[in-house]
């Protein structure tokens, strides 16, 4: 009974306080493991998802020739698959679902590395030309704080790309992300079934000369 009350209070807080303020909704790794193992995320490879994934890939291609790419919340590797023709200098996909990473690795993509990590706490030691949150930023407790953390993993001329499906509190999350980030390019992608995604290429609002929070360098 006590556990039920706690879950109810947590759900009410998320709906009435956190969601309007632009906070995300973390999901336990075991839930993703179960869903990937059951094939519920196979839809990421469906034709309906292709316009969004190709738009993200095109943005990545425009940041730098043969860029270094960090794909945060890479799932089962669909974006990595589309990036292979770009011949990125380096691609690292990170996810905390073991089942998702097993599927990504099974694609056998040359030059692609997949690692397990919780992006709320994990950071790479190296810097990248592009950091991507492809439908994953909504799982961060505080999307704006997460964006700030990964800005610090960009090369000075690099960019962060966020794709986010229009559902739930998407507008509040974008408003929260806008505090530390300047949108450089923005797209709205529609598919044939009425789904809509906002995709934005972002750079830090304050560069190194203005703020110690931005310490990237070429």
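The values are calculated or read from the model by the stated rules, or taken from the named source; none is laboratory data. Predicted model, so just to flag it, every value in this text is computed and none were measured. For neighbour counting, all protein chains shown are included, and Cβ atoms are generated from backbone atoms with ideal geometry for every residue, glycine included.
Things worth noting here:
- Which listed residue is at pLDDT 90 or above and not in a helix (DSSP H, G or I), from 26, 51: 26
- Answer residue from segment 106-140, given it is crowded, with 22+ Cβ neighbours inside 10 Å and in contact with a helix residue (DSSP H, G or I) (Cβ under 6 Å, 6 or more places away or on another chain) and is farthest from residue 173 (Cα to Cα) among those: 112
- Meets criteria (touching a residue at least 12 places away in the same chain (Cβ under 8 Å) and touching a helix residue (DSSP H, G or I) at 6+ places or on another chain (Cβ under 8 Å)) for residue 101: no
- Filter result (surrounded by fewer than 16 Cβ atoms within 10 Å (Cβ to Cβ) and closer than 18 Å to residue 100 by Cβ) within segment 46-82: 46
- For segment 141-172, the tally of residues that are outside any loop (DSSP other than H, G, I, E, B) and under 14 Å from residue 199 (Cβ atoms) stands at 8.
- Test: residue in segment 152-161 that is without any contact (Cβ under 8 Å) to a residue 40 or more places away in the chain, out of contact with any helix residue (DSSP H, G or I) (no Cβ under 9 Å at 6 or more places or on another chain) and either farther than 24 Å from residue 82 by Cβ or surrounded by 15 or more Cβ atoms within 10 Å (Cβ to Cβ) (or both): no
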